[in-house]
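To keep things clear, I will list the structure first and then write my remarks on it.
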Amino acid sequence: MFWDEKTETLPKRDLERLQLKRLKKTLSQVQNVEFYRKRLHEAQVKPGDIRTLADIQKIPFTRKQDLRDGYPFGFFAVPIHEVVRIHTTSGTTGKPTVVGYTRNDLNTWAHLIARNMTMVGLTDQDIFQNMVNYGMFTGGLGFHYGAEKVGMTVIPSATGNTRRQIEMIQDFGVTAVHCTPSYAMHLAEVAEEMGANLESLNTGLFGAEPWSDSMRAELEKKLGVTAFDSYGLSELFGPGVAFECPERDGLHIWHDCYLVEIIDPATGEVLGDGERGELVVTPLVKEAMPLLRYRTGDITMQIEDDCLCGRAKKIARITGRSDDMLVIRGINVFPSQIEHVLLRIPEVGNQFMVYVDRINHLDEMTIDVEINRDYFSGELQDLARIQKKVVKELHDTLELRTTVKLVEPGSLPRFEGKAKRVIDRRSEM
Ligand SMILES: [Zn+2]
């Protein structure tokens, strides 16, 4: 189903023409922002220099730190009285990042959320419970207004009081929920304890943190929903930047509103389709706070093929942050890639530790991984076979030789919260 079929299925040529027109307009809007006037002047880029979409590569990147430095309103391209709402993103250090919206921005945002929700089959017949923070976090109000635009019955239940949330799902016959995947898991457990009946539920929209396909399977089983991944970023409106369609093998990003590039996070070089790197986005329709080539820090790749659902190319689900990237002998390695490889090999567990050393001026990577007793005969020969298999599979994915050490089940550290699986000892030498 489509909310705006004509735009969502624009032929490539028309889409690129629209993108270029909007990019040029964005470039004239940013002239109202001192940071960009200065930055573009230093880079010797004049608005007239952007004649094709590829010319965007002449423009320097914008980083999260730039936005922090502009606190509070340094990136607003319109007078403050035209800004009708402000959100902030939590900063772990220092000041938060402020984002602003004009009336048109809020309309556009709700429209994009409506596209996402319609894409996964939600309609004005649905009863939607929005179980995320309604404060400065964009997920609450963002989804709220999109769901109202579609005409759903919206329950702004926000977070907390899980038993009350479950009662509302039962009593109001809620058909769709939105929350973080970890809260959904908690909800499922409490519902089980309560012996609650959640049979009215059929759709789960989960986002704001990365989650795996095995978690998807568990959530679908426990809650009786079809689960969809949602990706967003407050700097680019908020939630709803990209969303899974019913095919669920990648996320559609709205190309008429966002110009997408994937770069090598270490060098800034633009990568091709199918190459994993950092997502860089230039929003094309924002009024209050236009941005140029914003580095999201999120790792994904572009999937070239058009989707069976009729929309244009997708991005892969986010697999990590560029801050986690390691450069080993000039090759970019993400811990999440190692995790994916290990998940495919039944002979080993999915806990691992990575050690990086510099030996004779060469980077050496050692990976400790736990053996899975169910697939291990106990013979030394079998140990060698498994080790060889892991080394080969890692090599096929990383294109890098590694040393693999098999260790006893349960011997590697377990992490609550953010895992620290990489120990880089190169700087110690
Ligand atoms: Zn699709």
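The values are calculated or read from the model by the stated rules, or taken from the named source; none is laboratory data. Here the structure is a predicted model, which is why all the values come from computation and not from measurement. For neighbour counting, all protein chains shown are included, and Cβ atoms are generated from backbone atoms with ideal geometry for every residue, glycine included.
Tabulated data for the structure shown
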| item | result |
| --- | --- |
| Given (1) under 25 Å from Asn116 (Cβ atoms); (2) free of Cβ contacts under 8 Å to residues at least 40 places away in the same chain; (3) in a helix (DSSP H, G or I), index of the condition Tyr183 fails | (2) |
| Of all residues making up the range 220-255, the number that are under 14 Å from the mean Cα position of the chain (by Cα), part of a strand (DSSP E or B) and either of a type in the set (Lys, Arg) or more than 12 Å from the ligand (Cβ to nearest atom) (or both) | 9 |
| Identity of the residue in the range 300-357, among the hydroxyl-bearing types (Ser, Thr, Tyr) and away from the ligand (no atom under 16 Å from the Cβ), that ends up nearest to Thr7 (Cα to Cα) | Thr319 |
| Positions within the range 264-285 being without any contact (Cβ under 8 Å) to a residue 60 or more places away in the chain and either under 17 Å from Pro60 (Cα atoms) or of a type in the set (Val, Ile, Thr) (or both), in sequence order | Thr267, Glu269, Leu271, Glu278, Leu279, Val281 |
| Single unsatisfied condition, Thr102 versus (1) of a type in the set (S, T, N, Q); (2) surrounded by fewer than 22 Cβ atoms within 10 Å (Cβ to Cβ); (3) within 16 Å of the ligand (Cβ to nearest atom) | (3) |
| Qualifying residues in the range 89-120 (those that are in a loop (DSSP other than H, G, I, E, B) and touching a strand residue (DSSP E or B) at 6+ places or on another chain (Cβ under 7 Å)) - the one modelled with the lowest pLDDT | Gly91 |
| Candidates Ala217, Ala288, Ala208, filtered to the one that is free of Cβ contacts under 8 Å to residues at least 24 places away in the same chain and more than 16 Å from the ligand (Cβ to nearest atom) | Ala217 |
| Which listed residue, of Met131, Met136, Met117, is under 20 Å from the mean Cα position of the chain (by Cα), surrounded by fewer than 22 Cβ atoms within 10 Å (Cβ to Cβ) and touching a residue at least 24 places away in the same chain (Cβ under 8 Å) | Met136 |
| The range 281-328, residues that are touching a Gly at 6+ places or on another chain (Cβ under 9 Å) and under 13 Å from Ile253 (Cα atoms) | Thr300, Met301, Gln302, Ile303, Glu304, Cys307, Lys313, Lys314, Ile315, Ala316, Arg317 |
| Residue satisfying all of: in the range 256-274; closer than 23 Å to Lys64 by Cβ and assigned to a loop (DSSP other than H, G, I, E, B); nearest to the ligand (Cβ to nearest atom) among these | Cys257 |
